[in-house]
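Down below is the structure, laid out as structure tokens.
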Amino acid sequence: MSVIAKTDASGGTEIHPEVLAFGSSLTHDARLFREDVLGSLAHVTMLGETGIVPAEHARVLAGALRTLYRERPALPPEEDIHMAIEAWLGETVPASAGYLHTGRSRNDQVALALRLHVREACIQMERALAGLVTAIVERARAEADVPMPAYTHRQRAQPVTVGFWLLAHATAFSRDLEAFAHARAAADVCPLGSCAIAGSTLPLDRARTQRLLGFGRMSENALDAVSDRDFALDFIYAAARFGIHASRFATDVVDFSTGEFGFLKLGDGIASGSSMMPQKRNPDVFELVRGKSGLSVGHLVSLLVTMKGLPGGYNRDQQEDRTPLFGAEDTALACARILALALPELTVNPERTRAALAEDATQATDLAEGLVKRGVPFRQAYRAVGALVRKASDAKTPLAKVSLDFARAVDARFDAELLALLSLDGAAARKGTPGSTGKEAIAAQLDTLTRRVGAHLDALGQQKTLDDLAAHLSEPS
Ligand code: ARG
């Protein structure tokens, strides 16, 4: 390994090989290859245009960087991707390579590569989430009228529909879409020109590199720009929160596909077997999604703790940001994609969802609200229905089956019209409030989510990807 970042002032090339190896991040940040080459290409273009570097050398460097991007040859083993690329240029275009790092430090170089990376990772995540939300919305549309109980405390609570249950999860995932868009905006800031910590005496055209790299803004303070990893934290937070939502959905699926619930059947394409029990159809995919959400939370805590207590400016600790960042990215993308893939493999068993309602008293609140509509104070209605539920339960009669005489023996205010509220047909659909499980409310939710995803994808289409930048920067200017 050659040592570019050492001069006579810093002890020549005497650094201990084990110290070099300990400090190496190449295995991790090789993943920033495209980002680093594109950043260098923009930088060297600007250096040539401003005359900071002789135009001919800038042209040679840009040409070499384009070849590098296209052909991706093996790189010299340096301590990180940035040094490896500079060392490769040193071998390939030795007369020009020494000009590349003019007006730049690895501190703003790393900040740049990471921002480009997070921006790209957000785009991928947003596309994956848009696909997931769309897949759930389609299922919800198909199952909009299938009744099932909703659960609080994992006890049957109120009648809803399968579509409503699915829409709850789609709504949470659509918030994750917005969280990743927020992280993308946080990353959309060009730090190039911040140099090591204080900017430069050279007339760097920061606006030019910002434009070449398709950034919406440039960083406002060089010291902050090299210290800042908020955009990475925002990304990892969005990933961790998505992980928690994915875990919640996965847990519902794991539970609902048990023999005890029997609401869902796992298709052959996603059901795992057991090494011993021949009859098993295990929901491993969903358990893994739930398990991986623990990793996602760990990634967030990991970067928070790495950043906590650092002084301003670049500190080598920050090199450790790559493990949680890439880990969060890989986990979140894999989970979003596998959930979208697994969704069509879930079959609903409407007999079981209906039976779970029929044998219980989940319509009790609707009956109490029926009394409320007659002017009965809610607490009185609540007690009257509670007494009826108790009596029906003692008599082993599901609430939907109680007779008028039976009900009137509990409270004379019950009549046939009120008891009709105990019918399970349309029990979910009767709710009228926006956001509820009522028919119109579900239609509105389907519509809102469809439009939200569409608008999000339209906006995302405006965002430059690394490939867009590469196409743009690949033409010699
Ligand atoms: N490999 C380092 C990192 O990724 C590069 C920055 C090094 N900067 C420095 N001043 N030593 O963070």
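The values are calculated or read from the model by the stated rules, or taken from the named source; none is laboratory data. The model shown is predicted, which means the values in this text are computed figures rather than measured ones. Glycine gets a Cβ as well: all are built from the backbone with ideal geometry, and neighbour counts include every protein chain shown.
Data for the structure
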quantity: Filter pass, R374 being exposed (fewer than 14 other Cβ atoms within 10 Å of the Cβ) and out of contact with any Cys (no Cβ under 7 Å at 6 or more places or on another chain); calculated: yes
quantity: Residue satisfying condition, being within 21 Å of Y99 (Cα to Cα), at pLDDT 95 or above and exposed (fewer than 14 other Cβ atoms within 10 Å of the Cβ), within set E56, E71; calculated: E56
quantity: Evaluation of A470 against (1) over 30 Å from A181 (Cβ atoms); (2) of a type in the set (G, A, S); (3) touching a residue at least 60 places away in the same chain (Cβ under 8 Å) (one fails), failing number; calculated: (1)
quantity: Set E49, E56, E18, E35: member being of a type outside the set (S, T, Y), part of a helix (DSSP H, G or I) and within 16 Å of the ligand (Cβ to nearest atom); calculated: E35
quantity: Residue satisfying all of: in the range 298-342; hydroxyl-bearing (S, T, Y) and part of a helix (DSSP H, G or I); farthest from A196 (Cα to Cα) among these; calculated: T331
quantity: Residue check, A250 farther than 21 Å from Y314 by Cα, of a type outside the set (D, E) and in contact with a His (Cβ under 9 Å, 6 or more places away or on another chain); calculated: no
quantity: Scope the range 443-458; condition within 19 Å of the chain's Cα centre (by Cα) and surrounded by 11 or more Cβ atoms within 10 Å (Cβ to Cβ); matching residues; calculated: L449, T450, R452, V453, G454, H456, L457
quantity: Selected residue (only one of A392, A387, A356, A334 is out of contact with any strand residue (DSSP E or B) (no Cβ under 7 Å at 6 or more places or on another chain) and surrounded by 15 or more Cβ atoms within 10 Å (Cβ to Cβ)); calculated: A392
quantity: Subset of the range 271-322 [among the aromatic types (F, W, Y) and within 16 Å of the ligand (Cβ to nearest atom)]; calculated: Y314
quantity: Every residue from the range 128-178 that is touching a Lys or Arg at 6+ places or on another chain (Cβ under 6 Å), of a type in the set (A, V, I, L, M) and in contact (Cβ under 8 Å) with a residue 60 or more places away in the chain; calculated: A128
quantity: Matching residues, the range 433-444, being farther than 21 Å from A400 by Cβ and not hydrophobic (A, V, I, L, M, F, W, C); calculated: T433, P434, G435, E440
quantity: Extreme residue, nearest to the ligand (Cβ to nearest atom), among residues of the range 76-99 that are part of a helix (DSSP H, G or I), farther than 29 Å from L333 by Cα and not small (G, A, S); calculated: M83
